[in-house]
1. Quick one: Ile45 ticks every box in (1) surrounded by fewer than 11 Cβ atoms within 10 Å (Cβ to Cβ); (2) closer than 30 Å to Val87 by Cα; (3) not acidic (Asp, Glu) except a single one, so which number is it?
2. Residue under question is Leu60, and the condition is that it be surrounded by 10 or more Cβ atoms within 10 Å (Cβ to Cβ), modelled with pLDDT of 80 or more, closer than 30 Å to Asn89 by Cα and assigned by TED's automatic domain parsing to the domain that holds Glu85; does it hold?
3. Answer yes or no as to whether Ile45 is under 22 Å from the mean Cα position of the chain (by Cα) and among the β-branched types (Val, Ile, Thr).
4. Might you check whether a residue that is on the phi > 0 side of the Ramachandran plot and either out of contact with any strand residue (DSSP E or B) (no Cβ under 9 Å at 6 or more places or on another chain) or free of Cβ contacts under 8 Å to residues at least 12 places away in the same chain (or both) occurs anywhere in region 14-35?
5. For residues in region 63-72 being surrounded by 10 or more Cβ atoms within 10 Å (Cβ to Cβ) and of a type in the set (D, E, K, R), which is farthest from Glu88 (Cα to Cα)?
Amino acid sequence: MIVDVEISRQVLRDAVLQGVLPEAEADQLWAFVGSRAATTPSIHIANTLYHLGGPGAVYLGIQWQLREESITCRLRRFLPGAMRELVENRA
């Protein structure tokens with residue numbers, strides 16, 4: 001079984017004070033955990049959204065190609081005047 005536990009320096013100090021862990025081992029453990037934290041990759045929401053954006057853009061592009069006329073008709077009212085004229089003249 002794998003359990004994620006957050007270890008702070010204070011927890012290690014408390015373990016030393018209660019005699020659970022020798023001070024030298026607490027220092028070694030803290031150094032080890034600190035070195036692992038710096039090298040462990042992490043995935044953040046911004047990273048995830050960035051990588052999902054590419055396939056999302058491809059999906060939207062395909063949908064636009066398949067349903068261009070119906071989408072363009074619905075979106076015309078939101079376009080600025082000059083862009084609206086370009087779209088209407090193209091159709």
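1. (2)
2. yes
3. Answer is yes for this residue.
4. Yes, the conditions are met somewhere in region 14-35.
5. If we take residues in region 63-72 being surrounded by 10 or more Cβ atoms within 10 Å (Cβ to Cβ) and of a type in the set (D, E, K, R), then Arg67 is farthest from Glu88 (Cα to Cα).
The values are calculated or read from the model by the stated rules, or taken from the named source; none is laboratory data. From a predicted model like this one, the values you see are computed outputs, not experimental measurements. Counting neighbours? That spans all protein chains shown, and the Cβs are built from the backbone with ideal geometry, glycine included.
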